[in-house]
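Structure first, commentary second.
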Amino acid sequence: MSSTVTSSFRRRGLDHFEPEDVDPHVQRRLRGTLEQIDYTAFASNKALIGQALGHIDASHFQHMAVAAAQARAQWVAAAVAMTETSHTPPPDQIQKLAQMRTAYEELAEAYEAMRRMVERGYVSFKAAPVSS
């Protein structure tokens, strides 16, 4: 399945159904049905994700961002270190490098997922008090 990243949103190759019937009554009924389906998905996500995570605050984002940044730095530092010699790194080092990249990518994706959860209202976000 192909995916395209646009402004921090990931669009999967499976687009939503677009009605082809020209009858406006049929289209309106179909849109109503699709809105019910979307609301069911929203309500399910809000209930289950909210129950699993509770609330999210700025410290959660900071911890996730730091973990992703550390993983990225370790991955790139390892790549730089293993290419200091003129030899191609052996397969076991390349495999370790791939594991490090995967760790970074997973943490970055989790950060984006958590951000989308707040954006979509699946979890409550408790903002830090504004100091005057």
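The values are calculated or read from the model by the stated rules, or taken from the named source; none is laboratory data. Please read all numbers here as calculations on a predicted model, not as lab measurements. Quick reminder, even Gly has a Cβ in these numbers, built from the backbone with ideal geometry, and neighbours come from all protein chains shown.
Taking the conditions exactly as written (at pLDDT below 95 and surrounded by fewer than 15 Cβ atoms within 10 Å (Cβ to Cβ)), does residue 83 satisfy them or not?
Yes; evaluated as a whole, the condition is true for this residue.
Summed over segment 79-96, residues that are among the small types (Gly, Ala, Ser) and either in a helix (DSSP H, G or I) or closer than 30 Å to residue 118 by Cβ (or both) total 2. Applying the selection to segment 8-33, what residues are surrounded by 11 or more Cβ atoms within 10 Å (Cβ to Cβ) and either modelled with pLDDT of 95 or more or under 17 Å from the mean Cα position of the chain (by Cα) (or both)? Matches in segment 8-33: 10, 11.
Can you tell me which residue within segment 86-103, out of those that are among the charged types (D, E, K, R) and surrounded by 11 or more Cβ atoms within 10 Å (Cβ to Cβ), is nearest to residue 75 (Cα to Cα)? Here the residue is 101.
Checking the condition among the β-branched types (Val, Ile, Thr) and either at pLDDT below 95 or outside any helix (DSSP H, G or I) (or both), which residue from 5, 76, 66 passes?
Numbers: 76 fails: either at pLDDT below 95 or outside any helix (DSSP H, G or I) (or both); 66 fails: either at pLDDT below 95 or outside any helix (DSSP H, G or I) (or both).
Checking each option against the conditions leaves just 5.
Could you tell me whether residue 63 is loosely packed, with under 12 Cβ neighbours inside 10 Å and closer than 14 Å to residue 112 by Cα? Spelling it out, residue 63 is indeed loosely packed, with under 12 Cβ neighbours inside 10 Å and closer than 14 Å to residue 112 by Cα. None of 22, 26 is out of contact with any strand residue (DSSP E or B) (no Cβ under 8 Å at 6 or more places or on another chain), over 23 Å from residue 122 (Cβ atoms) and either touching a residue at least 40 places away in the same chain (Cβ under 8 Å) or part of a helix (DSSP H, G or I) (or both) except 26.
Mind counting the residues in segment 34-69 that are among the β-branched types (Val, Ile, Thr) and more than 17 Å from the chain's Cα centre (by Cα)? Spell out the reasoning first.
Step one: filter segment 34-69 for residues among the β-branched types (Val, Ile, Thr), giving 37, 40, 49, 56, 66.
Filter once more, so that each one left must be more than 17 Å from the chain's Cα centre (by Cα): 37, 40.
Within segment 34-69, residues that are among the β-branched types (Val, Ile, Thr) and more than 17 Å from the chain's Cα centre (by Cα) number 2.
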